[in-house]
Amino acid sequence: MKRIITIILAVSFLSGCVEMGTKQDAFPSMYGPQKPVSILVVPAINESTAADAGDLLNVTVSQPFTNMGYYVIPMPIVTDIFRNEGIVEGTQIKGMPTELFKKNFGADAVLFMTIESWDKNYAVLAANVTVGIEYVLLSTTSNEILWSYEQVVVIDTSGGSGNLLADIISTAITTGLTDYASVARQVHARAVTAMPFGKYHPRSGADGLDKSVVIAAKESAIAED
């Protein structure tokens, strides 16, 4: 069975220190008047060497956020609209005023995803798949960062039978056949655990004291051209 190691990168905006706190302390605007009901997910920004990584993230992102109690504007509709405008990657709309997403889609918040790494590492017996991703959720009313999260997931694809030749073969096959859609789902599922519940979840508004890693969003991911 594949072993998954998740490294959470938690950084404070001001101090740069790793910090633990409650969800309400970490993301106070998610409990106030700006608490979003609907989310628009824009095409992922792919900084990795895997050409299909963005598509994998895009097609698997809706369900985890829906399960958290948010209305996610259907990705096929969003993708078609953006493609008709010549937009296929989030970098093309990075830094645009977020009120445009409110006006054109009726969304309360817009989610940017930046894929920082999506790599297969293979060295005979030692093999793994590494995925690094950052999420930034912005208010379409104030452009404020409502929620952010960054993580690196390492999936071990090494053989482990104890037989050297068998392990070499198993490692090569397992790494080559890794289900990246499954990896994408696991990455999203891990990320939303640090997110406050939305309006349509039974625990909406009642999870403020739940512990959460305080994650810093990189301003360059959402504000620079």
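Every read-out reported here was derived from the displayed coordinates using simple, explicitly stated rules and does not represent laboratory data. Please read these numbers as outputs of a predicted model, since none were measured by experiment. A quick note on method: Cβ atoms are made from the backbone with ideal geometry, for glycine too, and the neighbour counts reach across all protein chains shown.
Scattering from the C-alpha atoms of the range 48-98 alone, worked out with Debye: what is log10 I(q)/I(0) at q = 0.17 1/Å?
Debye curve over Cα of the range 48-98, log10 I(q)/I(0) at q = 0.17 Å⁻¹: -0.64.
Compute the length gained on full extension between Met75 and Val59: take 0.36 nm times their separation in residues and subtract their Cα-Cα distance, giving the result in nm to one decimal.
Extra length from Met75 to Val59 when fully extended: 5.0 nm.
Quickly work out the His201-to-Asn104 label distance, labels modelled 7 Å from Cα along the C-beta direction, and quote it in nm with one decimal.
2.9
Just subtract the alpha-carbon distance of Ala181 and Val37 from 0.36 nm times their residue separation and send over the number in nm, one decimal.
This chain segment gains 49.2 nm when fully extended.
Between Ile87 and Asn143, how many nm apart are label points set 7 Å from Cα along the C-beta direction?
Label-label distance for Ile87 and Asn143, simple model: 1.5 nm.
Based on the alpha-carbon gyration tensor of the range 79-123, what equivalent-ellipsoid semi-axes (square roots of 5 times the eigenvalues) come out, in whole Å, largest first?
Output for the range 79-123: semi-axes of 28, 13, 9 Å.
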